[in-house]
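The values are calculated or read from the model by the stated rules, or taken from the named source; none is laboratory data. Keep in mind that this is a model prediction, so the values were computed, not measured. When we count neighbours, we look across all protein chains shown, and the Cβ atoms used for this are built from the backbone with ideal geometry, even at glycine. Quick note on the areas: whole protein, heavy atoms, side chains included, nothing else; ligands and nucleic acids left out. Shrake-Rupley method; radii C 1.70, N 1.55, O 1.52, S 1.80 Å.
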Amino acid sequence: MLAIIRSGATPVLADVEPGTALMSVESVRRCISTNTRAIVLVHLYGQMRDMDAWQNLCAEKNLSLVEDCAQAHLSSWREGMSGSFGSAGAFSFYPTKNLGALGDAGMLVTQDLSVAQAARSLRNYGQSNRYHHEELGLNSRLDELQAAFLTERLKWLSKFNEQRRKTAKTYRAGIKNALVKHLQEPQETCSHTHHLFVVICKQRDALQQYLFSNGVQSLSHYPVPIHKQSPFLEIARDPEGLVSSENHAATCLSLPCHPQLSDGDVNHVIQVINNFNGCK
Ligand SMILES: *Cc1c(COP(=O)(O)O)cnc(C)c1O
């Protein structure tokens with residue numbers, strides 16, 4: 001949102017699909033006007049889905065596709081990696097991401113030389129050549145130290161993603177409770193890197209409390225949708241509303257899903273959830 005606004009564009013919020021919490025193509029269609037220039041697609045929780053539909057829509061309406069890959073390091077869909085489908089892909093290396101630095105860091109990927117040149121200049125005060133500033137840029141350089149940490153951690157990324165997939169598979173097979181629903185299965189194994197493993201529960205807060213009292217931490221990603229945040233109460237949106245986003249925000253819960261979980265940890269989470277019998 002901040003990047004969209006900072007670029008001088010006007011964001012319009014589309015709704016999500018209830019089964020995946022990924023952005024809905026139908027909702028985006030309702031949001032498109034003659035002013036629309038680009039679609040920002042978030043590969044939420046690490047999942048890529050239906051990329052042909054997004055590429056077709058962008059081609060049909062002559063729009064740029066910008067991928068938010070902050071949760072989707074090495075996620076792929078058919079032959080393509082996250083970040084390779086649009087005009088540009090933005091990665092975050094915030095410490096909690098699948099690939100994280102020890103502080104803030106990020107990366108932009110693109111196959112468009114003009115986008116690459118613009119990004120190189122913007123990150124460094126708008127300099128094209130040293131001490132020649134052709135535009136108003138930012139200080140958005142990646143520290144050498146963070147780059148060094150990331151280069152080392154990059155070696156673990158595939159293995160860690162594999163570990164997350166294994167945990168997700170065990171959760172899917174093991175969690176059986178009528179009060180707790182799973183999101184849809186990924187389309188292909190590699191299309192999901194499980195930055196988060198999210199379940200849906202109408203009694204979300206009670207479930208979270210129950211997990212906590214049994215030694216399991218969980219979080220909600222995310223409890224307040226953008227259009228309920230004070231700076232965005234009046235923001236433009238799908239004319240049919242954002243009902244699925246609101247429902248998702250009220251019912252989503254992220255279970256522990258990181259590469260350091262042991263089989264015993266995962267089985268404990270499953271047991272606790274399967275024992276949950278709702279509010280008394
Ligand atoms: C973390 C995250 C961001 C922000 O990344 P920063 O590195 O903090 O700028 C943006 N989008 C998604 C989906 C994220 O998970």
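Are any residues in the stretch 97-138 among the acidic types (Asp, Glu) and over 23 Å from GLU67 (Cβ atoms), and if so, which ones?
Within the stretch 97-138, GLU134, GLU135 qualify.
Select from the stretch 139-155 the residues that are over 18 Å from THR96 (Cα atoms) and open to solvent by less than 80 Å² (accessible area, probe 1.4 Å) and list them in ascending order.
SER140
Filtering the stretch 174-198 down to residues that are in a helix (DSSP H, G or I) and open to solvent by less than 60 Å² (accessible area, probe 1.4 Å), which residue is nearest to GLN260 (Cα to Cα)? Step through it out loud before you land on a result.
Start the filter on the stretch 174-198 by keeping residues that are in a helix (DSSP H, G or I), which leaves 174, 189-191.
Narrowing further to those that are open to solvent by less than 60 Å² (accessible area, probe 1.4 Å): 174, 191.
Values: GLY174: 19, SER191: 22 Å.
Restricting to residues being in a helix (DSSP H, G or I) and open to solvent by less than 60 Å² (accessible area, probe 1.4 Å), the top hit is GLY174.
All but one of (1) farther than 30 Å from ALA168 by Cα; (2) within 16 Å of the ligand (Cβ to nearest atom); (3) open to solvent by 60 Å² or more (accessible area, probe 1.4 Å) hold for LEU74; which doesn't?
(1)
Does any residue in the stretch 133-159 that is farther than 14 Å from MET107 by Cα come within less than 7 Å, Cβ to Cβ, of a residue that is of a type in the set (D, E, K, R) and open to solvent by 80 Å² or more (accessible area, probe 1.4 Å) six or more places away or on a different chain, and which pairs are these?
Filtered contacts from the stretch 133-159: GLY137/ARG123; LEU138/ARG123.
Out of (1) within 14 Å of the ligand (Cβ to nearest atom); (2) in contact with a helix residue (DSSP H, G or I) (Cβ under 8 Å, 6 or more places away or on another chain); (3) closer than 25 Å to GLN117 by Cβ; (4) open to solvent by 30 Å² or more (accessible area, probe 1.4 Å), the odd one out for ASP68 is which?
(2)
Pick out the one residue from PHE91, PHE149 that is within 16 Å of the ligand (Cβ to nearest atom) and not in a helix (DSSP H, G or I).
Answer to the check: PHE91.
Report, ordered by the first and then the second residue, all pairs with beta carbons closer than 7 Å, sequence separation of six or more or different chains, a first member in the stretch 102-121 that is of a type in the set (Asp, Glu), and a second member that is within 16 Å of the ligand (Cβ to nearest atom) and open to solvent by 40 Å² or more (accessible area, probe 1.4 Å).
ASP104/TYR94
Which residue out of SER92, SER76, SER87 is in contact (Cβ under 8 Å) with a residue 24 or more places away in the chain, on the phi < 0 side of the Ramachandran plot and in contact with a strand residue (DSSP E or B) (Cβ under 7 Å, 6 or more places away or on another chain)?
SER87
Within the stretch 28-53, which residues are outside any strand (DSSP E or B) and within 16 Å of the ligand (Cβ to nearest atom)? Give the derivation first.
Keep residues of the stretch 28-53 that are outside any strand (DSSP E or B), which gives 28-37, 43-46, 48-53.
Selection gives HIS43, LEU44, TYR45, GLY46, MET48, ARG49.
Among (1) open to solvent by 10 Å² or more (accessible area, probe 1.4 Å); (2) touching a helix residue (DSSP H, G or I) at 6+ places or on another chain (Cβ under 9 Å), where does SER27 come up short?
With (1) open to solvent by 10 Å² or more (accessible area, probe 1.4 Å); (2) touching a helix residue (DSSP H, G or I) at 6+ places or on another chain (Cβ under 9 Å) applied to SER27, the lone miss is (1).
Report yes if some residue within the stretch 51-62 is of a type in the set (Asp, Glu) and open to solvent by 20 Å² or more (accessible area, probe 1.4 Å); otherwise report no.
Looking through the stretch 51-62, at least one residue is of a type in the set (Asp, Glu) and open to solvent by 20 Å² or more (accessible area, probe 1.4 Å).
Take the residues in the stretch 105-134 that are of a type in the set (Ser, Thr, Tyr) and part of a helix (DSSP H, G or I); name whichever of them is surrounded by the most Cβ atoms within 10 Å (Cβ to Cβ).
Of the residues in the stretch 105-134, the ones of a type in the set (Ser, Thr, Tyr) are 110, 114, 121, 125, 128, 131.
Within this subset, residues satisfying the condition of being part of a helix (DSSP H, G or I) are 114, 121.
Working: SER114: 9, SER121: 18.
In this case the residue turns out to be SER121.
Within the stretch 205-231, which residues are surrounded by 13 or more Cβ atoms within 10 Å (Cβ to Cβ), assigned to a helix (DSSP H, G or I) and not aromatic (Phe, Trp, Tyr)?
Applying the first criterion (surrounded by 13 or more Cβ atoms within 10 Å (Cβ to Cβ)) to the stretch 205-231 yields 205-211, 214, 216, 218-223, 225-228.
Pick out the ones that are also assigned to a helix (DSSP H, G or I) and you get 205-211, 226-228.
Those that are surrounded by 13 or more Cβ atoms within 10 Å (Cβ to Cβ), assigned to a helix (DSSP H, G or I) and not aromatic (Phe, Trp, Tyr): ASP205, ALA206, LEU207, GLN208, GLN209, LEU211, ILE226, HIS227, LYS228.
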